[in-house]
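Report on one structure; see the data block that follows.
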């Protein structure tokens with residue numbers, strides 16, 4: 001039993017060294033996100049791409065709510081306003097398109113690119129004030 005555990009430990013350590021050089025982290029840069037998420041090879045990777053975008057978008061929205069409601073900072077314009085009918089798959093595609101359209105920014109952290117992509121695709125439209133009716 002001890003031999004098996006030692007063997008597994010050594011096997012794990014040896015493969016760890018091999019994977020460190022080839023690791024791609026979808027959060028590191030837009031380039032890495034594209035490598036993993038443009039044509040995901042498994043449903044696990046596809047889910048990871050969607051979960052990452054969901055987490056960043058939710059994090060931004062929660063941060064804004066906390067800032068407004070608990071910190072008391074003045075309300076500023078939202079960076080983006082997601083369409084209620086937009087799917088998570090669409091949000092991932094919006095990010096992929098944004099990275100491909102802006103290759104000069106592809107080396108930025110993916111979270112920064114998520115913000116830019118959502119702001120481009122889902123801008124907040126200010127409601128036009130209605131003119132006062134004259135009687």
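The values are calculated or read from the model by the stated rules, or taken from the named source; none is laboratory data. Because the structure is predicted, anything quoted here is derived from the model rather than measured. Note that we place each Cβ from the backbone using ideal geometry, even for glycine, and neighbour counts take in every protein chain shown.
The residue list 94, 53 contains one member that is surrounded by 15 or more Cβ atoms within 10 Å (Cβ to Cβ), in contact with a helix residue (DSSP H, G or I) (Cβ under 6 Å, 6 or more places away or on another chain) and without any contact (Cβ under 8 Å) to a residue 40 or more places away in the chain, which is 94. The condition of being out of contact with any strand residue (DSSP E or B) (no Cβ under 6 Å at 6 or more places or on another chain) and at pLDDT below 90 holds for only one of 39, 69, that being 69. Of the residues screened, residue 134 is not one that is modelled with pLDDT of 95 or more, part of a loop (DSSP other than H, G, I, E, B) and surrounded by fewer than 15 Cβ atoms within 10 Å (Cβ to Cβ).
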